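Just so it is clear, none of the values below were taken in a lab; they were calculated from the coordinates. These numbers come from a predicted model, not from an experiment. Virtual Cβ from ideal backbone geometry, glycine too; neighbours counted across all protein chains shown.
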Amino acid sequence: MLLNDQVAVITGGAGRNGLGHATARAMAAQGARVVILDLERADPAAAAADLGPDHLGLVADVTDKASCEAAVQAVLARFGRIDVLVNNAGITQPVKTLEITGADYDRILDVSLRGTLYMSQATLPAMKRQQSGSIICISSVSAQRGGGIFGGPHYSAAKAGVLGLARAMAREFGGDGIRVNCLTPGLIETDITAGKLSDERKAEINATIPLARLGRPSDIAGACVFLASELSAYCTGVTLDVNGGMLIH
């Protein structure tokens, strides 16, 4: 198995129909011991229990540095190491530029961008001690094309920031055997999109995608497994597009 005996931490992973939980399932299937981090209302312990008894769910708020550090210490106390971090937690808001308030801006950037920084900061010392590790940051095609269907400009800015942060960390920590890469999903069918697109609108979107369909959470999960595993051992600072060809550049 590709991730046998590795410990993988996934933020925002409790939502059963989301990218994080799909990634958790895929990594568990490849032999990883998975830790799901999420807010209390999302019940990460129950989400981890779905995967089996060898996995762990912890309440953590990625916008709170102390919460991130406490979660990492709990993981190390249980498993002794962290091999993979998936910075998946993120939120969106479909508003236009002139409608964005300061509170909107802070809320969206705090989860996607500050959360990526805080969780990486909490995890990197353990990876440095091991002289190995893979950090996977979930960005978005919205960062590349300057907007999406469900995210406003501040969401695009947050996800573009994730790309820059990941590349800078890749340069800084490559000598420690730590790889840092990004995924840029296209439009994926999750709870965020459920019920918000008519059949006609889906058909219009599909017509612009070379693979002629919206993405599935499993599409992102497979790419995460690749970036976590030794199959991508010589990849760092990479932005891997997983969008069905929506953005060919």
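Here the Gaussian network model covers the chain, with springs between Cα atoms less than 10 Å apart; of Pro94, Pro125, Pro44, Pro125 fluctuates the most. In terms of Cα atoms, the Rg and Dmax of the range 83-174 work out to 14.2, 47 Å.
When the Gaussian network model of the chain links Cα atoms closer than 10 Å, the mean-square fluctuations of Ala122, Ala103, Ala160 top out at Ala103. Which angle between 0 and 90 degrees, to the nearest 10, do you get for helix 115-130 versus the longest principal axis of the chain when only C-alpha atoms count? The answer is roughly 30 degrees.
Starting from the Cα of Leu247, step 7 Å toward the Cβ, then list every residue of the range 197-214 with an amide N under 15 Å from that point. Answer for this model: 209-210.
The HN-Hα couplings worked out from phi for the range 180-187 by the Karplus form 6.51 cos²θ - 1.76 cosθ + 1.60 (θ = phi - 60°) are 10, 9, 10, 10, 10, x, x, 7 Hz, whole numbers, x standing for Gly and Pro.
For the range 53-84, backbone nitrogen atoms closer than 12 Å to the point 7 Å from Ala45 Cα along Cα-to-C-beta are found at 57-59.
Can you show me the helix-derived [θ] at 222 nm for the chain, built from DSSP H runs with n ≥ 4 at -39,500 (n - 2.57) apiece and divided by the number of residues, rounded to the nearest 500. The helix contribution divided over the chain gives -13000 deg cm²/dmol.
Helix 19-29 and the longest principal axis of the Cα set of the chain meet at an angle near 40°. Please work out the FRET efficiency for the pair Cys235 and Arg129, using the Cβ-Cβ distance as r and a Förster radius of 22 Å; give the result to the nearest 0.05. Given R0 = 22 Å and the Cβ-Cβ separation, E is 0.45. Over the chain, the reciprocal of the mean inverse Cα-Cα separation, the Kirkwood hydrodynamic radius, stands at 18.0 Å. Considering only Gln93, Ala103, Gly31, and ranking their Cα positions along the charge dipole of the chain that arises from unit charges at the beta-carbon of Lys, Arg, Asp and Glu, the one farthest toward the positive end is Gly31. The phi-based Karplus calculation (6.51 cos²θ - 1.76 cosθ + 1.60; θ = phi - 60°) puts the 3J(HN,Hα) values of the range 139-153 at 9, 6, 4, 4, 5, 8, 9, x, x, x, 8, 10, x, x, x Hz, whole numbers, x for Gly and Pro. When the chain is treated as a Gaussian network with alpha carbon springs shorter than 10 Å, the biggest mean-square fluctuation among Glu200, Glu230, Glu189 belongs to Glu200.
Taking the centroid of alpha carbons for each part, the range 104-154 and the range 3-36 are 17 Å apart.
Remark: the range 11-72 carries a charge dipole of roughly 200 debye about the Cα centre, counting +1 on each Lys and Arg Cβ and -1 on each Asp and Glu Cβ.
Amide H to amide H distances under 5 Å link Leu85 with Val9, Ser134, Ile135, Ile136, where only residues 5 or more positions off or on other chains count and H is placed in the peptide plane.
The charge dipole of the chain, taken about its Cα centre with unit charges on the Cβ atoms of Lys, Arg (+1), Asp and Glu (-1) only, comes to about 380 debye.
Counting every Cα pair in the range 111-249, what percent are over 24 Å apart? Walk me through the numbers before you get to the answer.
Details: 3124 of 9591 pairs.
The answer is 33 percent, as a whole percent.
Computed from backbone phi, the HN-Hα couplings of the range 102-109 come to x, 5, 4, 4, 4, 5, 5, 5 Hz, rounded to whole numbers (Karplus: 6.51 cos²θ - 1.76 cosθ + 1.60, θ = phi - 60°; Gly and Pro given as x). Across the chain, C-alpha contacts under 8 Å between residues 6 or more apart give a mean separation that, scaled by the residue count, equals a relative contact order of 20 percent. Close amide H partners of Gly15, meaning residues 5 or more places away or on another chain with modelled amide H under 5 Å apart, are His21.
Comparing Leu163, Ser142, Gly13 along the charge dipole axis of the chain, the residue lying farthest to the positive side is Leu163, per the Cβ-charge model.
So how much slack lies between Leu211 and Glu99, counting 0.36 nm per residue of separation and subtracting their Cα-Cα distance, in nm?
Additional length available on full extension: 36.9 nm.
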